[in-house]
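Let me begin by presenting the structure, written as structure tokens, before commenting on it.
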Amino acid sequence: MQRAERVDIVDQDDQVIGGATRQQMRASNLLHRSVAILCTNDAGEIYVHRRTGTKDLFPGLYDRCVGGVVNAGESYAQAASRELAEELGIAGPSPQRLFHHHYEGPQTRSHTEVFQVLWNGPIVHQASEIAWGGYRTLRQLVKNHDGFVFVPDGEEIFVRYRAWLKTR
């Protein structure tokens, strides 16, 4: 029998206050830790992907970040590297931390560490997670002529990312 994936449950200050299975966390919308990684290339484009229809959260929607839930006992940096390898087949480069984001929504609540990785190599999708992906310029993503419907937590992160860029 496969063991259920465990996650740390945290308080408003991002301090661990307990643990739960991923299923329990989703069912009760418990506050947890997650990572979001913006994958950019030398041209400054951002990798966008469509989530598969079988995802437990926001199936079929688009996201500008790859990432996911931080496992119990795992650091944000470890989770970011793991998620990059799992979802996009990117191994080697260390994602660089950008900022921390707290999201409160009706379907998910999380403390999210946002990272960025520069990658110009091949991308190999995890078929169970990603249905499609491609690079877009920042301008294309702001204008959204493609008509992508983005995940709400990722939308907040993108707004913060654009503000963060202005400080650089």
Cα principal axis extents for the range 51-108, largest first, Å: 31, 25, 22
Percent of Cα-Cα distances greater than 22 Å, calculated over the range 80-156: 37 percent
Two-site label geometry, H125 and E45: point separation in nm, points 7 Å out along Cα→Cβ: 1.5 nm
Cα-derived Rg over Rh, computed across the range 12-168 with Rh taken as Kirkwood radius: 0.94
Amide proton proximity set for T52, modelled H, under 5 Å, gap of 5+: G60, I130, A131
Prolate/oblate/rounded call for the range 3-62, Cα gyration tensor, a/c under 1.5 rounded: oblate
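None of the figures in this text is laboratory data; all of them are computed from the coordinates on show. None of these values were measured; they are calculated from a predicted model. Backbone-built Cβ (ideal geometry, glycine too); neighbour counts: all protein chains shown.
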